[in-house]
Every structure is written in C-alpha cells, then in structure tokens.
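The values are calculated or read from the model by the stated rules, or taken from the named source; none is laboratory data. Here the structure is a predicted model, which is why all the values come from computation and not from measurement. Virtual Cβ from ideal backbone geometry, glycine too; neighbours counted across all protein chains shown. The protein model used for the area step is the full one, side chains on, heavy atoms only, and it has no ligands, DNA or RNA in it. Shrake-Rupley method; radii C 1.70, N 1.55, O 1.52, S 1.80 Å.
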Amino acid sequence: MRKPFVAGNWKMNTDSHSSVSLAKTIASACSEIAGRRVHVAVCPPFLYLEAVSRAVSVASIAVGAQDIYYEREGAFTGEISASMLKDIGCIYVLCGHSERRHVIGETDELVNKKVVAALGGGLLPILCVGEQLAERQAGQTDEVVTRQLKSCLAGLSNEKVSAVTIAYEPVWAIGTGLTATPQQAQEVHASIRKLLGEMCNAKLAGEIRILYGGSANPGNAADLMREQDIDGLLVGGASLNADDFVAIIQAATYKN
Ligand code: PGA
C-alpha cells in the first residue's frame, strides 16, 4: 500500500517571518493526520529550511530542499551539498524541477548527478519529470518522460531507485492554472509505473510513489487522488496558502 504524499514547493517565495508562520499554521492544522494518514513535506527556500524545520517539528511534517549540488564540498561558490542539507534536518530534495530545467538550464545528466548525490548523502530525492506543451501536442509525452526517467535514474541500483519519489509535472500545467485532467495524469502515471517495472522490477514499480504536480488546488485534489496511479501531489502556488494546502492534504487522505 502506497501512503499518500503531499509536498509543498514554496519556490522563491516567503521571507524569514512568513515562512515560519506558514509552517506553524500548516503544522498545527495537520498534526493529527500528517505522518499517519498522509506523508507531508514542505520545501522552503534554502535560507529558511532550518527555521521551518523547527516550526514543523510539532507535527510529523518533513522538510525538503528545492535543489542540491552534486559535489560533496569545496570550491563551488553559491552551491549547497547533501551533507549540509542533512545537517539541518532536511529529509527530501527536489531534483530536476521544470523551472531548474527550463529556466536555469539543467540537463538530464546534471539531474542524474544530483539524484545520485542526494541518495549518497542520505536524502530522499523527489525527481521531477514532465513534457512541455509543444511536446504533448506533438504526441511526444511518453518519449520525453521515458528519456528523463532513464537518464536521471541511470546507474542507480534498484534499492536506490526505491528511495526515489517521482513527480510527474507537465510543464504546461505548472503555475498556469491549467491542470492535466485526472485521466491525462493517470495515463502518464501508469506508463511511468510500467516503465519502472521494466527498468527495475514489478515489486518496486508497485511500491514507488508517483506524485502529480501542476496547478493542483483544493478544487481538483480529490479528483486527481482518485486515480489509481496518483499517489500524491507536488503543490506550488496553492502551498503558499495554509488553508488551501491543508485542504489538499486532507483530500489526499482519501487513499488511506
Ligand atoms: P504549481 O507548481 O502548483 O504552482 O503549478 C507546481 C510545481 O512547480 O511543483
């Protein structure tokens, strides 16, 4: 049984005060269900990770980083390593978010190094994949997602892959208010699970969690979660509003 998982990606938002107050509000509203009926994580900017981690400690809510660098330490100005993240209480790290791929220019090869480094440093990667609008319109969704998964998980043992959460985030649905329909998302989730079965084995494919991301909100969360292969949600914009995020978390408990 895959426990539902809802993660909030705060992106480059909040400040030292609002990050903590948002975290505290979420933690107090979810203390009964977080960790029991649904796994919950929040991913604030690097600067606020430590304070947010303290603020959510009253509930079983994990903290994740939005990015990582693949080297262990040294002369890499501006970068943050797995051990630094682990040191301040991070559990998860987003790898290959579409904004890092398409705004910052990260390649599948770089994302692969980040996933490997995260796992090596004891963090749980949330690997983001997803097609752009032109790719969907050209019927290339499966091809793009397959290429991303194969490249980004390259060289990992089955045991390592089993520690990864996959997030399917169609780029055209991120921050746009356009959501993939539950059927569109389910189709891609099912093919991701099938591919993982071929790459690894059926047991692993049956256990790995695949989240949907892309304008998830309180109005569509329950419908998305009803789909067989949607195990949770990676939420951007709506995770900045405590009431909306908590409503999404509650909708995800449907599966447990
Ligand atoms: P959104 O972002 O919910 O604002 O579309 C999702 C994401 O980027 O993870």
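Could you check segment 99-117 and list, in sequence order, the residues that are out of contact with any Cys (no Cβ under 6 Å at 6 or more places or on another chain) and either within 16 Å of the ligand (Cβ to nearest atom) or open to solvent by less than 60 Å² (accessible area, probe 1.4 Å) (or both)?
E99, R100, R101, H102, V103, I104, G105, E106, L110, A117
So, in segment 196-207, exactly how many residues are aliphatic (A, V, I, L, M), open to solvent by less than 60 Å² (accessible area, probe 1.4 Å) and more than 17 Å from V111 (Cβ to Cβ)?
Residues that pass the stated criteria total 2.
What are the residue pairs meeting all of these: first residue in segment 202-216, first residue in contact (Cβ under 8 Å) with a residue 40 or more places away in the chain, second residue in a helix (DSSP H, G or I) and near the ligand (Cβ under 10 Å from one of its atoms), Cβ atoms under 6 Å, and 6 or more apart or on different chains?
Here the result reads G214/A173; S215/A173, each pair linking segment 202-216 to a residue that is in a helix (DSSP H, G or I) and near the ligand (Cβ under 10 Å from one of its atoms).
Look through segment 144-156, keep the residues that are of a type outside the set (G, A, S) and in a loop (DSSP other than H, G, I, E, B), and return whichever of them is least open to solvent (accessible area, probe 1.4 Å).
The qualifying residue least open to solvent (accessible area, probe 1.4 Å) is L153.
Here's a check for you: in segment 215-237, which residue that is outside any loop (DSSP other than H, G, I, E, B) and open to solvent by 20 Å² or more (accessible area, probe 1.4 Å) is farthest from V40 (Cα to Cα)? Before you say what the answer is, go through the steps one by one.
Here is the first cut: in segment 215-237, the ones outside any loop (DSSP other than H, G, I, E, B) are 221-225, 232-235, 237.
Then drop every residue that is not open to solvent by 20 Å² or more (accessible area, probe 1.4 Å), which leaves 222-223, 237.
Working: A222: 16, D223: 19, G237: 16 Å.
Only one residue fits best here, namely D223.
When segment 16-41 is examined, which residues are found to be open to solvent by less than 40 Å² (accessible area, probe 1.4 Å), closer than 25 Å to D231 by Cβ and small (G, A, S)?
A23, A27, A34, G35, A41
Okay, residues lined up against (1) over 19 Å from S98 (Cα atoms); (2) surrounded by fewer than 20 Cβ atoms within 10 Å (Cβ to Cβ):
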{"residue": "G120", "(1), (2)": "yes, yes"}
{"residue": "P125", "(1), (2)": "no, no"}
{"residue": "C128", "(1), (2)": "no, no"}
{"residue": "D142", "(1), (2)": "no, yes"}
{"residue": "V161", "(1), (2)": "yes, no"}
{"residue": "V171", "(1), (2)": "no, no"}
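Can you pull out every residue in segment 173-195 that is assigned to a loop (DSSP other than H, G, I, E, B) and either surrounded by fewer than 18 Cβ atoms within 10 Å (Cβ to Cβ) or more than 10 Å from the ligand (Cβ to nearest atom) (or both)?
First pass over segment 173-195, keeping only residues assigned to a loop (DSSP other than H, G, I, E, B): 174-181.
Scanning segment 173-195 gives G175, T176, G177, L178, A180, T181.
Which residue, of A202, A242, is more than 17 Å from I61 (Cα to Cα) and of a type in the set (G, A, S)?
A202
Are there any pairs with C-beta distances below 8 angstrom linking a residue in segment 172-188 that is closer than 15 Å to V144 by Cα to a residue that is part of a helix (DSSP H, G or I) and more than 8 Å from the ligand (Cβ to nearest atom), with the two at least 6 apart or on different chains, and if so which?
From residues that are closer than 15 Å to V144 by Cα, the pairs are W172/L133; W172/R136; A185/L224; V188/T141; V188/D142; V188/V145.
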